[in-house]
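In what follows, a structure is listed as structure tokens, so that the remarks can point back to it.
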Amino acid sequence: PTGVAYDIVYVRQPRQGDQGFTWWPEVFHPARLDPGADLMLLHPDGSEELLVAGGNGSVTDPVLSFDGQRVYFARFADLRPQSLNSQRDYLPLAGADIWQLDLPTRQLTQLTHGEFTPNTASGHWLPSNPVNPPESYNRLGYGILNLGPMPLPDGRIAFTSNRNGFVPPKGYTTPTLQLYVMDSQGENVEAIAPMSISSALHPTVLQHGELIYSSHEAQGLRDPRLWGIWGIQPDGRGWRPVISAFHDARAFHFMTQISDGRIVAVDYYNLNNSGFGTLVALSATPSAPAFHSALLS
């Protein structure tokens, strides 16, 4: 690309033609993706390099380390139609895990391995098999989804996972993804927002070290389709609203922080447009309350 002096990491997903529908992960279907999405590297001269092939699965959620030497990403093992559970919102039986690619050496390292950590007091689970355990056990019927890796300034990695086996208390998304942090080797996993029982997506670190994430928490809202953006410290302190979910059937998602410090997020209708919508920008330190007025005008 003209004027760009550095490589760009991106995901290349197959198209189905101008009239064909393609699946992209978004708040309504956070684990739906067409098979064959590859991790790619675009060089300044316009040439492309395949880093990780999607194959029967797909790559999503790529993010660079602070030094630009590693790429973290989520990888679905198998997204073919026969590998999805049609009775569980077409969630993949093989789940998804977080990987690391060392760019100088191209060495791949798997950081999560489908760990299932249900609360055994709330069910009779077989932690080694959430998909199809013996009849005496409860079952999810789909794999563990480890998604949305985000490197932190202290060297740890934040991510989302359904490893506790919860399902949202309201509709319009499945399953419940919660926030975790782990060390750089994928060990010492800690839940940092266990109060998020509906779902959380894509933790994103800000310049001052806070994480922001898309949240499906109700907080008194009367429309189960709404998603806002919340903030939290990587150790679980300082939970706060960043962008209140305040207008009908919309979702705030896919946020980032730009060089002038503002937060940019996508505002989209969450049922049928695959996460594409309007880009909105706001100050990271707004003067107005983050909650919208309870009075609708």
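The values are calculated or read from the model by the stated rules, or taken from the named source; none is laboratory data. Computed from a predicted structure; not experimentally measured. Virtual Cβ from ideal backbone geometry, glycine too; neighbours counted across all protein chains shown. Heavy atoms of the whole protein, side chains included, go into the accessibility calculation; ligands, DNA and RNA do not. Shrake-Rupley method; radii C 1.70, N 1.55, O 1.52, S 1.80 Å.
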_In segment 158-184, residue surrounded by the most Cβ atoms within 10 Å (Cβ to Cβ) [restricted to those that are in a loop (DSSP other than H, G, I, E, B) and touching an Asp or Glu at 6+ places or on another chain (Cβ under 7 Å)]_ = Arg163
*Restricting attention to segment 194-207, and to residues there that are in a loop (DSSP other than H, G, I, E, B) and either in contact (Cβ under 8 Å) with a residue 60 or more places away in the chain or in contact with a Gly (Cβ under 8 Å, 6 or more places away or on another chain) (or both), which single residue is surrounded by the fewest Cβ atoms within 10 Å (Cβ to Cβ)?*
Gln207
*Of the residues that make up segment 22-42, is at least one open to solvent by 20 Å² or more (accessible area, probe 1.4 Å), within 30 Å of Asn188 (Cβ to Cβ) and among the aromatic types (Phe, Trp, Tyr)?*
no
*asked:* Please pick out the residue among Thr160, Thr174 that is touching a residue at least 40 places away in the same chain (Cβ under 8 Å), touching a Gly at 6+ places or on another chain (Cβ under 8 Å) and closer than 20 Å to Ala96 by Cβ.
replied: Thr160
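Per-residue answers, yes or no, for (1) modelled with pLDDT under 95; (2) of a type in the set (Val, Ile, Thr); (3) under 20 Å from Val266 (Cα atoms):
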site	(1), (2), (3)
Arg156	no, no, no
Asp183	no, no, no
Val189	no, yes, no
Glu210	no, no, yes
Gly228	yes, no, yes
*Which residues, taken from segment 244-288, are aliphatic (A, V, I, L, M) and part of a loop (DSSP other than H, G, I, E, B)?*
Ala245, Ala249, Ile258, Leu271, Ala284, Ala288
*Can you name every residue in segment 158-181 that is hydroxyl-bearing (Ser, Thr, Tyr), modelled with pLDDT under 95 and in contact with a strand residue (DSSP E or B) (Cβ under 8 Å, 6 or more places away or on another chain)?*
Thr174
*Does Gln82 meet the test of being surrounded by fewer than 17 Cβ atoms within 10 Å (Cβ to Cβ), at pLDDT 95 or above, among the polar types (S, T, N, Q) and not in a loop (DSSP other than H, G, I, E, B)?*
yes
*From Glu187, Glu210, grab the single residue that is free of Cβ contacts under 8 Å to residues at least 40 places away in the same chain, open to solvent by 20 Å² or more (accessible area, probe 1.4 Å) and of a type in the set (D, E, K, R).*
Glu187
*Could you pull out the residue among Asp97, Asp154 that is open to solvent by 50 Å² or more (accessible area, probe 1.4 Å) and touching a residue at least 40 places away in the same chain (Cβ under 8 Å)?*
Asp154
